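The values are calculated or read from the model by the stated rules, or taken from the named source; none is laboratory data. Keep in mind that this is a model prediction, so the values were computed, not measured. Virtual Cβ from ideal backbone geometry, glycine too; neighbours counted across all protein chains shown. Ligands, DNA and RNA are excluded from the accessible area calculation, which covers all protein heavy atoms including side chains. Shrake-Rupley method; radii C 1.70, N 1.55, O 1.52, S 1.80 Å.
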Amino acid sequence: MNLTLKVWRQKNIQDKGQFVTYQAKDIADDMSFLEMLDIVNDDLTRKGEDPVYFDHDCREGICGMCSLVINGRPHGPEYGTTTCQLHMRSFHDGQTIVIEPWRAAAFPVLKDLAVDRTSFERIQQAGGYVNVNTGGVPDANAIAIPKRIADEAFESATCIGCGACVAACKNASAMLFVSAKISQFALVPQGQTERYERAQSMVDQMDAEGFGNCTNTGACEAECPVGIKMTNIARMNREYYTAKLFREEDVHN
C-alpha cells in the first residue's frame, strides 16, 4: 500500500517544530508501524536527509519506549496495542496518517517524535520501592495472599510506563501511571512498611513534575495498551488521604 505521512519534525527542545509530509511507498500490510517508519527513514537517509527520530527498544510491547500519537490516538487505532505491535493492516491504501509525539508539559519534546519521560522515573524514585529484605525466591504461596488481591497487584504491576495515559488525558494527568505503581505495593504485605510515605512522596513528586489532575473522563483507561484500570486511582486517593489525615510525614526533608 502507499501512504501519505504527516510527521511532526522538531530539531530540539527549543525549536517550535512543524508537520512535514512524506510518502511511504510499497508498504506491506504485515509490517509493524515502526518497520514502516524504518523504510521511510532508509529512503530519507539515501536522499541525504535527516531521518525521523523516534523512541523504540524491545518492539515486543513490553518496555513502553514507543510513544507515538497516531491519527490523534496514543499508540494508534487498535485497543490494547502498543505502537510497536501495531500492524499496517490497520490502515488502508491511500490513507493519510498523522504522527505526533506525546503532548504534555511534563513530557518536553527532545527531537521529532521523542519526548523526555524522566519525570516518570523521578516519581518512581520518590517511593516506588520496598525496603524489606524479601530474600531469595520464596516457595509458591509461602505468604498467604487472597487470589483476588494477588491478581489485582499483578495487574497493577503490568504498567509499562509508556505515558499513553498522559498523552490521552486533556489535563495531561499521570494519575493512572502513579496509581498503578502505588497499588502494586499497597496491595501486598511486603509493601506495607513504606505505605504512607510512598503515597505522599509519589503524589507530591507527580505534582512537582507539572502533571495535571484527573478529569474522570476515562480516556487514560481507554488508551492504556495493557489495560490498567481507573480503580487504581481510587485506591491511590484513599492511600494519600489516609496518610495525610493519620500519618502525615515530612517526606521531602
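Okay, here's what the table says:
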item	result
Full-stretch length increase - THR215, ASP29 - with 0.36 nm per residue and alpha-carbon distance subtracted	63.3 nm
Estimated 222 nm signal from helices in the chain, with DSSP H stretches of n ≥ 4 weighted -39500 (n - 2.57), rounded to 500	-10500 deg cm²/dmol
Apportionment of accessible area to carbon and sulfur, the chain, percent (1.4 Å)	48
Amide H partners (placed H, <5 Å) of VAL115, local residues excluded	LEU110
Between helix 175-186 and the chain: long-axis angle, C-alpha atoms, 0 to 90°, nearest 10	40
Positive-end residue, the chain charge dipole about Cα centroid, Cβ charges, pick of MET65, THR215, GLY76	THR215
Net charge dipole size for the range 10-95 [Lys, Arg +1 and Asp, Glu -1 on Cβ; Debye, nearest 20]	320
Sparsely packed chymotrypsin sites (Phe, Trp or Tyr not before Pro) within the range 151-197, loop by DSSP, other Cβ within 10 Å at most 14	none
Straight-distance crosslink candidates among lysines, where the alpha carbon sits under 26 Å from LYS170 and sequence neighbours closer than 8 are dropped	LYS6, LYS11, LYS16, LYS111, LYS181, LYS229
Other-chain or far-sequence residues with amide H under 5 Å of VAL98's (modelled H)	LYS6, ASN71
Candidate values (i) 41, 19, 16; (ii) 37, 24, 15; (iii) 38, 20, 15, label of the one derived for semi-axes √(5λ) of the Cα gyration tensor in Å	(iii)
Placed amide H near SER173: partners under 5 Å, 5+ positions off or other chain	GLY212
Magnitude of the charge dipole, the chain, Cβ model with Lys/Arg +1 and Asp/Glu -1, debye to 20	540
Angle in degrees between helix 195-208 and the longest Cα principal axis of the chain, rounded to the nearest 10	40
Average accessible area per residue (Å²) across the range 1-155 - probe 1.4 Å, nucleic acids and ligands excluded	56
Cα-centred dipole magnitude for the range 80-129, charges only on beta-carbon of K, R (+1) and D, E (-1), debye, nearest 20	100
